[in-house]
Each structure stands twice: as C-alpha cells, then as structure tokens.
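Only the coordinates and a few stated rules stand behind these numbers; no lab work does. Owing to the predicted nature of the structure, the values given are computational and were not obtained by experimental measurement. Cβ placement follows ideal geometry from the backbone for every residue including glycine, while neighbour counts extend to all protein chains displayed.
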Amino acid sequence: MGQVVELEIPARADFLEVARMVVTTAASIEPTFPDERINDLRLVVSEACTNAIEAHASAGDTDKRILLRCDLAEDRVEVEVEDQGGGFDLADLGELPAVTDPARLEHERGLGITLMRSVADETEFRVSPGGTAVRLVVYSTRPR
Amino acid sequence: MHFEVNVAPVGAWSVVAVAGEVDVATAPRLRKEAIDLVAAGHHRMVLDLEAVDFMDSTGLGVLIGVLRRVTAVGGALRVVCTTPRLLDLFRLTGLDRVFDLRSSVDDAVSEAAGSAGADRADGADR
C-alpha cells in the first residue's frame with residue numbers, strides 16, 4: 001500500500017471541483033505520473049463523484065457526505081468513491097441507442113459509466129441498498 | 001470555479017464561447033443560456049469550447065440536449081474544439097460522429113455544409 005489520502009465532501013455539486021483538485025494534486029506528488037494520466041484521473045473522479053452527488057440529490061439526501069479514499073503508489077492511483085445515495089442497478093442502465101440513431105439525442109445522461117470504463121484501467125462498482133462504492137484504478141502507464 | 005459563457009453574433013450565427021470547467025456545477029448555466037437562445041429564435045449556433053479547461057459527461061449531455069433542440073427547429077449546431085483531451089471525450093463516446101466539430105470559429109461560421117464526423121477538427125484518423 002502507498003500513501004493514502006482521504007477526503008469527505010458534502011454531496012453537493014459545488015464541492016465537485018474540490019474532489020477533483022485534491023485527488024489530482026495528490027497524484028501529482030508522484031513524479032512518475034504523466035499529465036495525460038493525471039487528466040484521465042481527473043475525469044474519472046469527476047464522473048464517479050457526479051454520480052454520487054446525483055444519487056444523493058435523487059434520494060433527497062444532500063446533507064449526507066461522499067467519502068473519497070485515494071491510495072497513491074508509484075505505478076498507480078486507486079480511488080474509491082463511496083456514497084450513501086441508495087444505490088442503483090447497473091443492469092437498469094441499459095444500452096444507449098447507436099450514435100447514428102436519431103433517438104440517441106433523447107439521452108443526455110448515461111455517459112459517465114462509459115467514460116469511467118473507457119478511461120480508467122480498472123473499474124469496479126459495488127452497489128448496495130445503502131449506497132454505491134466505485135473503485136477506479138489508473139496506472140502511470142496505460143496498459144497495452 | 002472559473003466558468004464563463006459569452007454570446008456574440010457572427011453573421012447569421014450565434015457564437016457561444018464557453019470558458020473554464022463544465023461539470024454538474026456549471027453545466028446548468030450553459031444549458032440555460034443555449035436553451036434561451038434557441039427559444040429566442042437563434043437557431044444557428046456555434047459552441048466554442050476552445051477555452052474550456054475541463055469537461056465531463058455532464059457537459060456532453062448539455063451539448064446533446066442543445067443539438068436536439070436546434071435540430072427540432074431545423075437549425076444547426078457546430079462545435080469548435082481542437083483540444084485533444086476534449087476531442088477524446090467525443091471519440092470515446094462516439095459523439096464525434098454526432099456533432100459537427102470544427103477547428104475554429106471562422107470555419108464554423110462559414111457556409112460550407114458540415115457533416116458530423118466527416119470534417120474532423122483534429123484531422124486525425126483515430
């Protein structure tokens with residue numbers, strides 16, 4: 001295990017920038033982490049925290065908090081984002097229409113998990129009635 | 001958080017210049033500005049993302065909603081974006097084939113018909 005940074009934020013949109021800033025600043029301390037991967041980390045943390053913020057908003061629980069745990073190692077950063085927003089069923093997300101289908105424009109949401117899976121090197125979603133935990137791993141070098 | 005939206009007419013187009021970070025905290029302002037423009041009859045819109053430092057899927061969702069509204073009234077939406085990091089967002093989600101991406105505002109307000117994905121802003125074969 002590397003160095004661990006923990007952060008707890010209110011489940012509010014105006015704290016999202018703080019989450020991105022703390023995680024990426026912590027990752028920047030490791031000199032082997034290139035800017036490209038820091039940017040990937042910034043994006044996936046933003047997506048995970050946005051989902052958490054929206055889960056709390058849907059449940060009317062914006063007074064609850066979101067926990068971020070950031071484990072920094074030389075070759076990778078592992079971030080876990082935990083909310084108490086009531087959870088969701090990944091299977092319910094379904095497939096978006098093809099981009100060539102005009103019906104695709106009816107879907108403004110649903111891209112966050114696609115981006116997390118595309119950009120992070122490892123993703124894991126643990127959903128329970130009490131909330132969701134998202135584990136994201138970004139390596140300093142993108143695995144081939 | 002740094003975020004600005006400025007609207008200026010350029011010929012027949014309304015150019016919406018966005019600066020700063022576009023996420024769940026700021027995207028509602030961009031959505032409202034764009035929807036208000038469409039409602040006021042500005043159906044030819046350019047979204048200039050050149051000064052955007054960060055955008056996530058919430059920002060992409062706003063762009064999709066604006067495109068839907070503009071398309072519904074027979075208008076046009078062109079997106080100016082040359083930042084590799086932002087272009088990756090379009091590519092990873094397949095939206096580079098949905099949006100008419102342009103390399104500059106001058107290019108976007110030109111009358112040349114754009115075809116989503118065919119006139120790539122980065123010119124790269126990804």
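Annotations
- Rg(Cα) / (2.2 N^0.38 Å) computed for chain B, rounded to two decimals: 0.95
- When each of A:49, B:81 is scored by the number of other beta-carbon atoms lying within 10 Å, the sequence from fewest to most is B:81, A:49.
- Summarising the label geometry, the points placed 7 Å from Cα in the beta-carbon direction at residue B:12 and residue A:57 lie 3.7 nm from one another.
- 10 Å Cβ neighbours from other chains, averaged over peptide B:28-40: 0
- Percent of alpha-carbon pairs separated by more than 35 Å within the protein assembly as shown: 17 percent
- Dipole axis of region B:31-93 (+1 Lys, Arg; -1 Asp, Glu on Cβ), positive-most option in B:90, B:52, B:71: B:71
- Helix A:16-28 vs. chain A, principal-axis angle (Cα, 0 to 90°, nearest 10): 30 degrees
- Note on region A:3-139: Cα Rg divided by 2.2 N^0.38 Å, N the number of residues, gives 1.06.
- With Cα atoms defining each centre, region A:20-55 and region B:22-91 are spaced 23 Å apart in the structure.
- Exposure proxy ranking for B:26, A:24, based on other Cβ atoms within 10 angstrom of each Cβ and starting from the fewest, stands as A:24, B:26.
- 17 Å reach of a label modelled at residue A:39, 7 Å along Cα-to-Cβ, counting backbone N of region B:21-39: B:21-23
- Peptide-level mean, for B:92-98, of C-beta atoms on other protein chains within 10 Å: 5
- Dividing the mean sequence gap of close Cα pairs (under 8 Å, 6+ apart) by how many residues chain A holds gives a relative contact order of 29 percent.
- Among A:128-136, B:44-52, the peptide with the highest mean count of other Cβ atoms within 10 Å heads the list, and the full ranking is B:44-52, A:128-136.
- Gain upon complete extension [residue A:109, residue A:75; 0.36 nm per residue less C-alpha separation]: 9.0 nm
- DSSP-defined beta bridges in region B:1-76 - what % are antiparallel, rounded to 5: 45 percent
- In range of the label at residue A:25: residues from region B:1-22 whose backbone nitrogen is under 15 Å from the point 7 Å along Cα→Cβ: B:1-2
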